[in-house]
1. Considering (1) within 26 Å of GLU34 (Cα to Cα); (2) at pLDDT below 95; (3) more than 9 Å from the ligand (Cβ to nearest atom); (4) among the small types (Gly, Ala, Ser), say which one GLY177 fails and leave the rest.
2. Might you let me know whether the stretch 190-205 holds any residue that is buried (at least 19 other Cβ atoms within 10 Å of the Cβ), in contact with a Lys or Arg (Cβ under 6 Å, 6 or more places away or on another chain) and part of a loop (DSSP other than H, G, I, E, B)?
3. Would you be able to say whether some residue in the stretch 187-199 is within 13 Å of the ligand (Cβ to nearest atom), in contact with a helix residue (DSSP H, G or I) (Cβ under 8 Å, 6 or more places away or on another chain) and either acidic (Asp, Glu) or at pLDDT 95 or above (or both)?
4. Could you tell me which of the residues ALA294, ALA278, ALA306 is more than 30 Å from ALA135 (Cα to Cα) and either in the same structural domain as GLU74 (by TED's automatic domain parsing) or aliphatic (A, V, I, L, M) (or both)?
5. Against the condition surrounded by 22 or more Cβ atoms within 10 Å (Cβ to Cβ) and either in a helix (DSSP H, G or I) or of a type outside the set (Gly, Ala, Ser) (or both), how does SER275 come out, does it pass?
6. Suppose we filter SER309, SER316 for residues that are within 16 Å of the ligand (Cβ to nearest atom) and touching a Pro at 6+ places or on another chain (Cβ under 6 Å); which single one remains?
7. List pairs: first residue in the stretch 356-368 and closer than 17 Å to ALA134 by Cβ, second residue near the ligand (Cβ under 6 Å from one of its atoms) and not β-branched (Val, Ile, Thr) anywhere in the structure, Cβ distance under 6 angstrom, at least six positions apart or on different chains.
8. Count, please, the residues in the stretch 127-153 that happen to be crowded, with 23+ Cβ neighbours inside 10 Å and either in the same structural domain as GLY52 (by TED's automatic domain parsing) or not in a strand (DSSP E or B) (or both).
Amino acid sequence: MAPEPPDTVQAKRRRTAEFVDRVVVPAAGSIDREDRIPAAIVRELADERYFGLGIPTEWGGTGETARATVAVLEELARGSAAIAVLVAVHASVCAIPIVDWGTDLQKEQYLRSLARGERLGGFGLTEPGTGSDAAGLRTRYARESDGFVLRGAKMFISNAVSAGVVLVFATRDPALGHRGISAFLVPAGTPGFSVAQRLDKLGLRGSETTELVLDGVRLGPDALLGPEGDGLKVAFRGLAGGRVGIAACALGVAQAAFDAMRENVRRADANWKRSLLARAYADLLGARALVERAAGRKDRGLAYAADASVAKLVASRAAFSIANAGVDVAGEDGTRAGAAAERLLRDARVFPLVEGTTEIQELILARSLLGSGNEPTV
Ligand SMILES: Cc1cc2nc3c(=O)[nH]c(=O)nc-3n(C[C@H](O)[C@H](O)[C@H](O)COP(=O)(O)OP(=O)(O)OC[C@H]3O[C@@H](n4cnc5c(N)ncnc54)[C@H](O)[C@@H]3O)c2cc1C
């Protein structure tokens, strides 16, 4: 995709910032407290077309470049990390894999309704016993004359209570390793496909995180996304883009924590607080540069998976260290349940785990630096 002119990116950022200040910021505390994004806000997100983020206009989306996408996600996360993660997962690891790998029929079936927010999208790779080592997943599929049957369970799946479709990964035979894995589009309401539990989390509260059960889920032949056996390619390509988005979400939390810290330092100036503020600013700028670098490389059609890993690694670290310093600067008020500083710290703590842990980003980066190995790892 050709890079968008910087002023278009800025215009999208400004429009989103206005929406976030008006709609999202006032709701952030109750989203966290009640662990739920109100339906009225989901409708507003749909009306403002945020669910079309990055989906090409020919399929009903808003067609943003990666640079504009990260600007929008950062702004959404500045208001509420849960809302940003809802949009990021929906767009980057469900809708975009359909754009990248789908047949025209699959695109027609899913993309327009995803772009309108009539369906929300999920991504089902992680399992109760398998996270980082995705090639070791255990959910099985069998071929039948009229399609496929899936059996297994998925864990930590975002958006899945509300999702209209989940991109699910399953293996024909675990002994085949990554070559046995395929990707399937599983629409909500398919018999045998259900949410077993919704998980209560430290942070990103409001973002649904669930365990899914696939108990003899029958799918037609057109449920297969991409070639059979290429499931991990579908997953990893989606996750590379997804990590740029998650890095942008972490950056938004870092920005929110920085803004709050600056206000606190203004009110109660002290040298040690000034030092923390200056350090936070340096961390913020460094993280932003890396997020924009990864997005820029993606827009220019260059390899960007390692850049996505660095961006996620550094942005999630920056979010945590700025939010942590924010609690120090806020003093005892910052530690009270429900205080913004406390919520931002809990949200920041979860980013290193989402879409591949920090250690896995380090492995991907080291492999890229040493030019070795193509073994897929989340
Ligand atoms: C809020 C949230 C939302 C999520 N949403 C989704 C989603 O929508 N879809 C989805 O599929 N998954 C999702 N996940 C799952 C997430 O991607 C996994 O938690 C992550 O991949 C780690 O898997 P695990 O928890 O099983 O940890 P494990 O893989 O068991 O890892 C445990 C620890 O060991 C480390 N480790 C593992 N392997 C290595 C290695 N080879 N070298 C060094 N260290 C290693 C890890 O870094 C980690 O610290 C979500 C997780 C969270 C917390």
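1. Every listed condition holds for GLY177 apart from (1).
2. Checked against the condition, which is being buried (at least 19 other Cβ atoms within 10 Å of the Cβ), in contact with a Lys or Arg (Cβ under 6 Å, 6 or more places away or on another chain) and part of a loop (DSSP other than H, G, I, E, B), the stretch 190-205 yields at least one hit.
3. Within the stretch 187-199 (the criterion being within 13 Å of the ligand (Cβ to nearest atom), in contact with a helix residue (DSSP H, G or I) (Cβ under 8 Å, 6 or more places away or on another chain) and either acidic (Asp, Glu) or at pLDDT 95 or above (or both)), the answer is no, since none of the residues qualifies.
4. Details: ALA294 fails: more than 30 Å from ALA135 (Cα to Cα); ALA306 fails: more than 30 Å from ALA135 (Cα to Cα).
Going through ALA294, ALA278, ALA306 in turn, the sole match is ALA278.
5. Values: surrounded by 22 or more Cβ atoms within 10 Å (Cβ to Cβ): no; either in a helix (DSSP H, G or I) or of a type outside the set (Gly, Ala, Ser) (or both): yes.
Criteria not met by SER275.
6. Values: SER309 fails: touching a Pro at 6+ places or on another chain (Cβ under 6 Å).
The conditions single out SER316.
7. Every condition considered, the pairs that remain are ILE360/SER132.
8. 3
The values are calculated or read from the model by the stated rules, or taken from the named source; none is laboratory data. Worth saying up front: this structure is predicted, and the values here are computed from it rather than measured. All Cβ positions, even for glycine, are placed from backbone atoms using ideal geometry, and neighbour counts span all protein chains on display.
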